1. Within the stretch B:123-202, report the GluC sites (Glu not before Pro) that DSSP leaves as loop and that have at most 11 other Cβ atoms within 10 Å.
2. Ordering B:SER142, B:SER149 from largest to smallest accessible area (1.4 angstrom probe), what's the sequence?
3. Given axes a ≥ b ≥ c from the Cα gyration tensor, I'd like to know whether chain A is rounded (a/c under 1.5), prolate (a/b larger than b/c) or oblate.
4. Just to confirm, what accessible area per residue do you get for the stretch A:12-125 at 1.4 Å probe, in whole Å²?
5. For the stretch B:122-198, what class follows from the C-alpha gyration tensor (a ≥ b ≥ c being the square roots of its eigenvalues): rounded when a/c is under 1.5, otherwise prolate if a/b is larger than b/c, else oblate?
6. Determine the relative contact order of chain A: mean sequence separation of Cα pairs under 8 Å and six or more apart, normalised by residue count, in whole percent.
7. With θ taken as phi - 60° and the coefficients 6.51, -1.76 and 1.60, list the Karplus ³J(HN,Hα) couplings across the stretch A:14-29 in order, rounded to whole Hz; mark glycine and proline as x.
8. Give me the residues in the stretch B:100-142 whose solvent-accessible area, probe 1.4 Å, is reduced by at least 40 Å² once all protein chains are included instead of the chain isolated.
Amino acid sequence: MTAQVSERLNYQGKKYNLCEEPLAGLLVYARLPVTLSSPSTALWRGYVGEWTIEADRLYLTGITGHVRTAEDWRTANLAELFPGFPNGLFAHWYTGELRVPMGRLLSYRHAGFASVTEFDLFLRFERGVFKERRMVTNGQASAASPAGYQVGAATFFPGGRDE
Amino acid sequence: MSEGWLGYAQTYLWIGAVYLIVLRSYTYFRYGRRENSELARLAATLEAERKGEQKTLKSRLILLGQWLVLWMFWPVAFIGLWEIVRDLRGIRNRRHGTDEPRFACQHDDLIEQVDPLQAEQDNQVFDPLERVPQIPFGHLHSGWITLLSQLEPGDTLWRFKTPGDGEASDEPPRYAAGRRSMAGYAVVRGKKVVWEFVTERD
């Protein structure tokens, strides 16, 4: 599988990449008003979620969902996909560690979220409630290494764009 | 002594010959020219080499060589036997309609039997920012309703938790524990899980 576009995380006033798909647990049961489609091989899930930690809880506060129409593509936002919760959804279904890659790229792997950066920040949640954080050092990259998590290549379907 | 070994060798080769004939016959009658498995592709390749443009001496010798090698080392071709077993099992499953839904929750993952009303009370989700519906299981409520609709007289409702992937990895990314653990509720009929509702997912 091609390397996948990460989710976005707002944490302590900064924006980060988030190498998890916390929304997957909800989408098993949620009936979205539109069907999301994959615009490219780098975004098989068909959306990019924006997550925020507020009041020690994990919230889905934004989303760019890709919808294929008869002629083209369009995007759907949080208000359209989750009517009734335009300000966000409390991710109470999520239990586990979220991985936030940091630093320069140590090794690029063209599969899923498998690329490794210098550091990983792990944020552990239980039923959507923040419990603890820990930082793991994976190694030191050369000064020439690119910064942060990234997707090296993808095949776009006709008309599709990742974001 | 040498006669003894000769006897063993003869037995080995006879078994190999019978085994290869059975294997070849099976692939011929089962797959014909369809290329839907490794075994079929092997058979098709051999067939193409046997029939093809090919009827050259070289291609015939290559084919003969392949069969000779297979004959000498026929135990290696047991992988073919394994594929036949898998294939036959697949046929039997299809005949008996055993393509049942598969659940993350296995019988060993069941923790305790619960009452549906108690489960609803235990799963009122509190959010100070009020970004969750005030109904049991919050955003997952529809999954709970679907689970309740599966309950039949005599069924029991259980809380479960799956172990996930097991141990944490030594290689990056270094998660603290194994992943893909799930927790939730399962409908058990007899001793069998017939439905599940995942309320926590890693």
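1. Within the stretch B:123-202, the qualifying GluC sites (Glu not before Pro) (loop, at most 11 other Cβ atoms within 10 Å) are B:GLU130, B:GLU167.
2. B:SER149, B:SER142
3. Oblate.
4. 39 Å²
5. oblate
6. 26 percent
7. 10, 9, 9, 7, 10, 8, 8, 10, x, 6, 4, x, 7, 5, 4, 10
8. B:LEU129, B:ARG131, B:HIS139, B:LEU140, B:SER142
The values are calculated or read from the model by the stated rules, or taken from the named source; none is laboratory data. Remember, predicted model here, so these are calculated numbers, not experimental data. Methodologically, a virtual Cβ is constructed for each residue, glycine included, from the backbone with ideal geometry; neighbour enumeration extends over all protein chains shown. Remember, those area values only see protein heavy atoms, side chains included, never the ligands or the DNA or RNA. Shrake-Rupley method; radii C 1.70, N 1.55, O 1.52, S 1.80 Å.
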